[in-house]
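K.L.:
Have a look at this one before I ask anything.
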Amino acid sequence: MSQVEPRPGEKKILDEDCAEDNLKNGFLILTNQRIIFQKTQGTLLTLSKKAEEAALEIPLDDIITVKAEGRIATKLLIATRDTVYKFSVYNNRKWAKAVEQQIEIHKGQE
């Protein structure tokens with residue numbers, strides 16, 4: 001899988017293979033500066049995935065709401081001023097807590 005280039009001082013906090021309701025399959029990455037969704041294409045023949053360019057980059061400052069939704073079909077909801085994204089991640093509560101923590105840390109550094 002090709003990597004998204006980190007920015008100066010950027011550290012990866014969490015990453016997971018997931019899907020977003022509209023963007024479809026990809027890889028969700030939380031860093032100490034932003035959330036990145038990198039689309040992937042899988043091949044059934046080899047059961048492998050190929051990463052594409054980052055389809056979405058959200059600076060932590062642009063996130064208005066973060067919450068875990070659902071009990072059976074769990075989603076991580078991330079809202080910006082313009083759009084609401086819903087990511088199907090394995091542990092949505094863990095993700096919501098990690099994103100909220102990074103937002104607080106990021107605000108404290110400004």
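The values are calculated or read from the model by the stated rules, or taken from the named source; none is laboratory data. Since this is a predicted model, take the numbers as computed values, not measurements. Heads up, the Cβs are rebuilt from the backbone with ideal geometry, glycines too, and the neighbour counts pull from every protein chain shown.
K.L.:
Scanning region 24-48 for residues that are buried (at least 16 other Cβ atoms within 10 Å of the Cβ) and modelled with pLDDT under 90, which turns out farthest from the chain's Cα centre (by Cα)? Lay out the reasoning, then the answer.
P.N.:
Residues of region 24-48 that are buried (at least 16 other Cβ atoms within 10 Å of the Cβ), as a first pass: 26-40.
Going one step further and asking which of them are modelled with pLDDT under 90, we end up with 39-40.
Details: Lys39: 11, Thr40: 13 Å.
Restricting to residues being buried (at least 16 other Cβ atoms within 10 Å of the Cβ) and modelled with pLDDT under 90, the top hit is Thr40.
K.L.:
Go through region 1-22 and report how many residues are at pLDDT 90 or above and farther than 26 Å from Lys107 by Cα.
P.N.:
6
K.L.:
Every residue in region 58-78 that is crowded, with 16+ Cβ neighbours inside 10 Å and assigned to a loop (DSSP other than H, G, I, E, B), please.
P.N.:
Ile63, Thr74
K.L.:
In region 74-106, which residues are in contact with a helix residue (DSSP H, G or I) (Cβ under 8 Å, 6 or more places away or on another chain), farther than 13 Å from Glu20 by Cα and among the charged types (D, E, K, R)?
P.N.:
Arg81
K.L.:
Identify all residues within region 79-94 that are out of contact with any Cys (no Cβ under 9 Å at 6 or more places or on another chain) and surrounded by 12 or more Cβ atoms within 10 Å (Cβ to Cβ); write none if there are none. Steps first, answer last, please.
P.N.:
The initial filter retains those residues of region 79-94 that are out of contact with any Cys (no Cβ under 9 Å at 6 or more places or on another chain), namely 79-86, 91-94.
Across region 79-94, the qualifying residues are Ala79, Thr80, Val84, Tyr85, Lys86, Asn91, Asn92, Arg93, Lys94.
K.L.:
Also: Among the residues of region 79-110, how many are free of Cβ contacts under 8 Å to residues at least 24 places away in the same chain, among the charged types (D, E, K, R) and assigned to a strand (DSSP E or B)?
P.N.:
Within region 79-110, residues that are free of Cβ contacts under 8 Å to residues at least 24 places away in the same chain, among the charged types (D, E, K, R) and assigned to a strand (DSSP E or B) number 0.
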